[in-house]
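Below: one structure, written as structure tokens.
The values are calculated or read from the model by the stated rules, or taken from the named source; none is laboratory data. The structure displayed is predicted, hence computed values, not measured ones. Cβ placement follows ideal geometry from the backbone for every residue including glycine, while neighbour counts extend to all protein chains displayed.
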């Protein structure tokens, strides 16, 4: 069992998951619970019973609504797109791109200059002094951005490990964690009802949400290198969560 | 109890586990007594059981320290843990001791319609249970009321779907906003199905909506009663509860 997970390997809430739900009921903040937890509990009588029982045990326990809750008041679950934040991000990207371009320009110059040996001897020392230090930050930044794209989402990792009970679906491709070629193809064994396929970034942002009536889907979108999650949902519930990598 | 809860911290657990355990006593007692009330543990063995829970909890403090990530309130987490320990003890006793007689009716109480306090508690429990159905709770509530023939309120419809067409709202209120005892369940769901299908974007037959409602009501009753059962809720008591709730709303509105 992963200690950071709200779900056990047997697809039910952990003690911590149950406690979080009870906290939410006591504080009237169920809408702040992870969506997948809400969805699971709404269809799982076992977890419902656990929650009701613990809630019952705590019925005389007063919660101070003004107190900060360690989950609801600190975790950024699904941040709304904020104008300020977006501007900051755009500015950071533009700056990063400019620095990269700048670095690339000098790097390219360096290569071309290196071609005729006579000039290399003349130019190289200057280049080493000026270009190398200027080139380092953008590369690091780029590596960092790339690494960010591959970082795992705890919520989604929980779900990838979860098997969904009521309707099982057998996925043919991609395997969980597979490095895929583009265009990315998704295939599963037919479950006899229309499904919604969603593809999410590793930051849990939905990139594609589409209704599928067959048992396959080919994404036309070109994905940047990174880690992606994908879900299959019936009208009423989530039936599969997988992940794939684009290099 | 509340002050002790506030002192239940992970630092205390690490620095002074015995003191931590002392602060857990109210939680343990509530849990054990709750299960005694349902006949899961005999009253005569209260002290022994509390002792067993303490021993097991003490042995698990290290694991709690490892697994508790600080994302929930520690006191709630301890409540969930203590409950699991009680269930484990119950299982062990069931396997090893065969001589304890537990009567099925032990401790189960029937709802007394004249007891306002019990009513409040049970209504609150019902709404807690309904909250667990998350997005389906409002549709379940309305379907449940129809199944149990309780008049609908405008607010019930609004909560289910605030964008319902005025004609459909009017239809529901004119038909189900008053006493409709004389209608059969089949007639009720036959009339309700077109509105349901338009809101839920389905094409369910009245019979299947009725069946779904019946199944969900059974789940609600099971949750209301607990496991092992401490109450004896049935469709009838649920009907009494919802009917009383409706009367209270009427009184408030008038």
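Observations on the model:
- Residue list for segment A:45-55, restricted to those being crowded, with 19+ Cβ neighbours inside 10 Å and more than 7 Å from chain B (Cβ to nearest Cβ): A:47, A:50
- Subset of segment B:101-155 (residues that are in contact with a strand residue (DSSP E or B) (Cβ under 9 Å, 6 or more places away or on another chain) and modelled with pLDDT of 80 or more): B:122, B:125
- Hey, residue A:118 exposed (fewer than 12 other Cβ atoms within 10 Å of the Cβ) and either modelled with pLDDT under 80 or in a loop (DSSP other than H, G, I, E, B) (or both) or not: yes
- Residues (outside any helix (DSSP H, G or I) and either surrounded by fewer than 16 Cβ atoms within 10 Å (Cβ to Cβ) or within 14 Å of chain A (Cβ to nearest Cβ) (or both)) located in segment B:29-56: B:38, B:40, B:42
Residue by residue, here is whether (1) farther than 27 Å from residue B:134 by Cβ; (2) modelled with pLDDT under 85 holds:
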| position | (1), (2) |
| --- | --- |
| A:172 | yes, no |
| A:187 | yes, no |
| A:191 | no, yes |
| A:197 | no, no |
| A:204 | no, yes |
| A:218 | yes, no |
| A:224 | yes, no |
| A:237 | no, yes |
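- If you go through segment A:1-15 and keep only what is facing chain B (nearest Cβ under 8 Å), under 22 Å from the mean Cα position of the chain (by Cα) and outside any loop (DSSP other than H, G, I, E, B), you end up with nothing.
- Number of the condition not met by residue B:26 [criteria: (1) within 25 Å of the chain's Cα centre (by Cα); (2) buried (at least 20 other Cβ atoms within 10 Å of the Cβ); (3) closer than 20 Å to residue A:63 by Cβ; (4) modelled with pLDDT of 90 or more]: (2)
Let's see how each residue does on (1) over 18 Å from residue B:121 (Cα atoms); (2) in a helix (DSSP H, G or I):
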| position | (1), (2) |
| --- | --- |
| A:38 | yes, yes |
| A:41 | yes, yes |
| A:53 | no, yes |
| A:63 | no, no |
| A:68 | yes, no |
| A:73 | yes, no |
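- Just one residue in the set B:204, B:208, B:247, B:198 is assigned to a loop (DSSP other than H, G, I, E, B) and either at pLDDT 90 or above or away from chain A (no Cβ under 14 Å) (or both); that residue is B:204.
- Selection count where residues are surrounded by fewer than 17 Cβ atoms within 10 Å (Cβ to Cβ), closer than 19 Å to residue A:16 by Cα and either more than 10 Å from every other protein chain (Cβ to nearest Cβ) or touching a strand residue (DSSP E or B) at 6+ places or on another chain (Cβ under 7 Å) (or both), scope segment B:64-96: 2
- Among the helices (runs of 4 or more DSSP H) confined to segment B:122-190, the ones with at least 2 residues that are in contact (Cβ under 8 Å) with a residue 60 or more places away in the chain and away from chain A (no Cβ under 14 Å) are located at B:137-147.
- Search result, residues across segment A:210-228 that are over 18 Å from residue A:145 (Cα atoms) and in a strand (DSSP E or B): A:210, A:211, A:212, A:216, A:217, A:218
- Scope segment A:34-44; condition surrounded by fewer than 22 Cβ atoms within 10 Å (Cβ to Cβ), in contact with a helix residue (DSSP H, G or I) (Cβ under 6 Å, 6 or more places away or on another chain) and facing chain B (nearest Cβ under 9 Å); matching residues: A:38, A:42
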